Amino acid sequence: MRSQAVRIDRPGGPEELKIVEVEVGEPGPGEIRIRHHAVGLNFIDTYQRSGLYPFPMPLNLGMEAAGVVEAVGEGVTHLKAGDRAAYASQPPGAYSELRVMPAKNVCKLPDAISFETGAAMMLKGMTTQYLLKKTLPAEGLEKGDFILFHAAAGGVGLIACQWAKALGLKLIGTAGTDAKCQLALEHGAAHAINYSTENFAARVKEITGGQGVKVVYDSVGKDTFEGSLDCLRPFGLLAIFGNGSGPVPAFNLGLLASKGSLYVTRPTLFSHMASRERTQAMADDLFAVVESGAVKIPIAQRYKLADVQQAHRDLEARKTTGCTILTL
C-alpha cells in the first residue's frame, strides 16, 4: 500500500522537505503498521533536517504521532490491530500517513485523549516527565523550590509550567517576548522573564533573594549557557536538553568549581525510553496528569502535511507557541 511521507535527500533548510510517495508493507517481528491521524512537530526535527544531528540519507522525518494500529508483527503483545496508539520513537518517519515501525515505544492511547492531543504531547510530555521526575539536582527538589525553565512558552515549556505547579514547584520561565511571558504565567509559571529586555540571571537572583535556583532546564543552549550557570546555587544542576540557539561551545570544567561545585548534564529522551517497561511507565505518568486536568496540552498551530516547509520556517523563526501538529 502507498503512503505520502516527508523526506529529505540531503541536509539543509526547510526547502529540502519534499512530499514523496512510499510503499508500506507488512510489519516484521517487533513491529507494527500504524495509520496516523495527527503528527507532532518538534525542534529536534529541525536539527535532523539541518544536519546538526546527522542521519544517513535519504531521511523520512518526524518523531511523534498518534493513530490507529493496522497490523502487528510477531512478538508484539501490548498492541493489537484496531488499538488507538501514540508514540515518541526512533527511527524518524512520523511525517507520513502510514508507516511500519518498531513497537517498543508505541503506547495505547486512552480513549479520553484525542489523536491530536496524543500527537502533540508524547515527545514533549515525556521530555517534561523525565526532566521534572528524573533529572534532579543533588539535593533533590521539594515543594516550594524555585526552578528555571528556558523557552517556557514552547511546547515542552508550557507543559512544564503546568506540571511543575502541580508538583508544588515555583517555575521561573524565560521567553523572548512579553506575550510569550504572559502565556507562561497563564499556564502556571510563578514568574516570567523576557530575556530580550532583561538580564535573566540578575532577575533570577532577585526573585530568589540572591540564592539562585537548584536546577536550570535549558533547551536553548549556546545563548543561555553562561547565564544559566550564574542562576544556580551551590551544588546546582544545569540540564541542557536542546540546542535551539546552537550547541554549547567547549568550556573549562574549572568554571563549575569556581561557581559553587555545579553539575552539568546533557540528557536525552531516548536514553530514558530504552526499554518497553520504562516507556510505558513514563507514558502512564503523562496520561494520568493529562487525564486529571492538571496539565492541558496547548495546540497553538496546525499545518497540513503539504505545508511542512512553512511549519519548519515558523518554528525556527520563534513564531510558534505551545505545541504544533501536522494534520492528515
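Show that you can apply the helix-only estimate: for the chain, add -39,500 (n - 2.57) for every DSSP H stretch of four or more residues, divide by all residues, and state [θ] at 222 nm to the nearest 500.
Mean residue ellipticity, 222 nm, calculated: -8500 deg cm²/dmol.
How far is helix 115-134 tilted off the main Cα axis of the chain, in degrees rounded to 10, range 0 to 90?
40
Just to be sure I understand: with springs between alpha-carbon atoms less than 10 Å apart, which residue in Thr77, Thr279, Thr208 has the highest mean-square fluctuation in the Gaussian network model of the chain?
In the Gaussian network model the winner is Thr77.
At a threshold of 8 angstrom on Cα-Cα distance, excluding pairs fewer than six apart, so keeping six or more, what relative contact order does the range 1-129 reach in percent?
30
From zero outward in steps of 20 Å, how is the percent of C-alpha pairs of the chain spread across the bins?
Each 20 Å bin holds this share of Cα pairs: 33, 56, 11, 0.
Rank Lys170, Lys134, Lys180 by mean-square fluctuation in a GNM of the chain with C-alpha springs under 10 angstrom and give only the top-ranked residue.
The residue with the greatest mean-square fluctuation here is Lys134.
Using a Gaussian network model of the chain with C-alpha springs under 10 Å, which one of Val20, Val213, Val100 is most mobile by mean-square fluctuation?
Highest fluctuation of the listed residues: Val20.
Can you pick out the pairs among Lys108/Lys205; Lys80/Lys319; Lys170/Lys319; Lys18/Lys165 whose Cα atoms lie more than 32 Å from each other?
Those over the limit are Lys108/Lys205; Lys80/Lys319; Lys18/Lys165.
Quick note: the coordinates plus some simple rules give every number you see, no bench work behind them. Computed from a prediction, not measured in an experiment: that's the story for all the values here.
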